[in-house]
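Derivation of every value follows stated rules applied to the coordinates shown; laboratory data play no part. It should be emphasised that the depicted structure is a prediction, and the values quoted were computed from it without experimental measurement. Every residue, glycine among them, receives a Cβ derived from its backbone with ideal geometry; neighbour counts consider all protein chains shown.
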Amino acid sequence: MQTVLKEKTFKNYINNEWVESTSYEVIRSISPMNKEEIVGYVQKSSREDLEKGVQAAYKAKKSWRKMGQAKRGELLFRAADILEENLEDIAETMTREMGKTLPEAKGETARGVAILRYYAGEGMRSDGDVIPSSDQAALLFTRRTPVGVVGVITPWNFPVAIPIWKIAPALVYGNTVVFKPATEAAVTAAKVIECFAEAGFPEGVINFITGSGAVIGQGIIDHPLLNAITFTGSESVGEVVARSASARGIKYQLEMGGKNPVIVTKDADLHAAVDAVINGAFRSTGQKCTATSRVIVESPIFDEFRDKLVEATRRIKVGNGLEEGIWMGPCASESQLNTVRNYIEIGKSEGAKLLIGGELLEAKKYEKGFYITPAIFENVKSNMRIAQEEIFGPVIVLIKSEDLEEAIEIANYTKYGLSASIFTTKISSLLEFIDEIDAGLVRINAESAGVELQAPFGGMKASSVGSREQGEAAKEFYTSIKTIFIKG
Ligand code: NAD
């Protein structure tokens, strides 16, 4: 496996070879901790490069399907072992490239290993059902069959886990893959692909092409040889994916934004609620689709909760995620930092009160990074932009509610529906919440951002389109069902 060299260019991986782009252009991947540090270079690939990748995946699909699920699973086990061997290096690259703290980056890489093992195990599980036929002399059964060539387009915020939770099920269920990572975290993604390369998959099964969304991303979604597109990213790009895929009648799956609420009722364990809000909102610098961004608190405990939350936020240590003791890293890019700063100003101009945060770090050693302190607003109305739009940064809004019914109404007053959480000790309250909340991930006395790899993942409303990812649910997207009738 290659080690990180500062000036290294990571090539495309097509047909089991690392190949140069016909464009001969490269893109710098810089560190958000110091914009003068170059983590590596990736290629600004051309449509010609993409064409080679798609052709390779297309050519490989028959033999890969015929290899059988169990054998494909064995290759995933091997990839998992190699990823595990390289965990430290990949996690460090992730921290350097997109800024999340090293313990978080290690946790994400370990999750990637676990996801690979989970889907490797799928290789030995059933791929169909036997159904009683009305004809006693017949055998009626279903069999899952791969969809073909799958286009994988991913964002920068989980550069290891998201590609793996798409690529691993795609492969084990017999599809070949054309993968385009987000440029901001493409070096980390390239290192994940190096693990797949070392595992010894047959030629053309996995193809990795870096480049811009407009050229490579758009090229993937419009390509006639692709049979399915799995996309995680912003709503605006998701819409483009949906339009192109539905026009061609192919499968697509979109995981997009969130404006995830946490409700704190007057009977809640406030200590646990503060802890969960801090973690859910500010870990990964708030750059998780499941991050907590609205906290709806019942009025009798509002002031006490607010004061405890502000106190805990004041203790958060922001800085270089490679250093020990740092709790929150920088925003992943300058444009992310600017978005956060812009929303801080929007919040103030809308009349909300900034209680804490939203400041750039002053120390000299931080001046070249994209650091900002975690921010909390109060006096927020539900229809303000800061309470409606996804900020994707360390900013939360506090909203007061009179009772649970109003709290749930506020929580649902958004176009999104990814994750939602409640802190309460009353069974009737949590049951009402489970029933009434519009969210794909419903969390009780737990932070909004927790995800278990063996369970379905996805949202409602504008957060997701298509079948769920992860766990067994992923099978729905990556396979089609054949219903087979055999007359004896
Ligand atoms: P983005 O939409 O800008 O980019 C996502 C990917 O799409 C990148 O690889 C990008 O290059 C590519 N792309 C851009 N233009 C394209 C085009 N025209 N055609 C095809 N592909 C194109 O998103 P981002 O800034 O990388 O990520 C942040 C967003 O991702 C947030 O909205 C966040 O909520 C969302 N997200 C959602 C989930 C989830 O599971 N729901 C998880 C993580 C992130």
Requested in this report: Within 10 Å of each residue's Cβ, count the other Cβ atoms and sort Thr176, Thr188 from fewest upward.
Outcome: Thr176, Thr188
Query raised in the report: Using only the Cα atoms, what convex hull volume per residue in Å³ does the range 260-452 have?
Result: 112
**Report entry** Principal-axis tilt of helix 186-199 within the chain, Cα atoms, nearest 10 degrees
**Finding:** 40
**Report entry** Footprinting exposure proxy for Leu404, Leu140 (fewest neighbouring C-beta atoms within 10 Å first)
**Finding:** Leu140, Leu404
Report summary line: Note to self: C-alpha centroids of the range 158-190 and the range 20-89 sit apart, in Å, by 8
Query raised in the report: When we measure straight from the Cα of Lys415, which lysines land under 22 angstrom away, once same-chain ones fewer than 8 places off are left out?
Result: Lys259, Lys288, Lys381, Lys400, Lys461
Query - the range 7-89 - Debye-derived log10 I(q)/I(0), Cα point model, q = 0.11, 0.19 Å⁻¹ - result: -0.48, -1.02
Query raised in the report: Helix 427-436 versus the longest principal axis of the chain: what angle, 0 to 90°, nearest 10, using Cα atoms?
Result: 60
Query - Volume of the Cα convex hull of the range 352-488, divided per residue and given in Å³ - result: 195
Query raised in the report: What's the local net charge at Ser299, with K and R +1, D and E -1, over the other residues with C-beta under 13 Å away?
Result: -4
Requested in this report: Using only the alpha carbons of the range 90-247, determine the length spanned along each of the three principal axes and report them from longest to shortest in whole angstroms.
Outcome: 64, 36, 30
Query raised in the report: Could you work out the helix-only [θ] at 222 nm for the chain, with each DSSP H run of four or more residues adding -39,500 (n - 2.57) and the total divided by the number of residues, to the nearest 500 deg cm²/dmol?
Result: -12000 deg cm²/dmol
Report summary line: Compactness summary of the chain: radius of gyration and Dmax from Cα atoms, Å, are 23.2, 81
Report task. Measure nothing fancy, just the Cα-based angle from helix 299-314's long axis to the longest principal axis of the chain, in degrees from 0 to 90, nearest 10. Result -> 70
**Report entry** Backbone HN-Hα couplings from phi across the range 449-463 [Karplus 6.51/-1.76/1.60, Hz, Gly and Pro as x]
**Finding:** 9, x, 9, 10, 5, 8, 10, x, 10, x, x, 10, 6, 6, 7
Requested in this report: Return Ile356, Ile162 ranked ascending by Cβ neighbour count within 10 Å, so the fewest neighbours appear first.
Outcome: Ile356, Ile162
Query raised in the report: Near the amide H of Thr9, under 5 Å away, which other amide H atoms are found, from residues 5 or more places off or on another chain, if H is placed in the peptide plane?
Result: Tyr41
Requested in this report: Determine the sum of side-chain charges near Glu198: Lys and Arg each +1, Asp and Glu each -1, restricted to other residues whose C-beta is under 14 angstrom from that of Glu198.
Outcome: -4
**Report entry** Net charge over other residues, Cβ less than 13 angstrom from the Cβ of Glu20 (K, R count +1; D, E count -1)
**Finding:** -1
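Within the range 371-442, which GluC sites (Glu not before Pro) sit in a loop by DSSP and count at most 11 neighbouring Cβ atoms inside 10 Å?
On the way: sites: Glu378, Glu389, Glu390, Glu402, Glu405, Glu406, Glu409, Glu432, Glu436; in loops: Glu389, Glu390, Glu402.
Passing sites in the range 371-442 are Glu402.
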Query - Whole-angstrom Cα spans of the range 171-325 along principal axes, big to small - result: 60, 40, 29
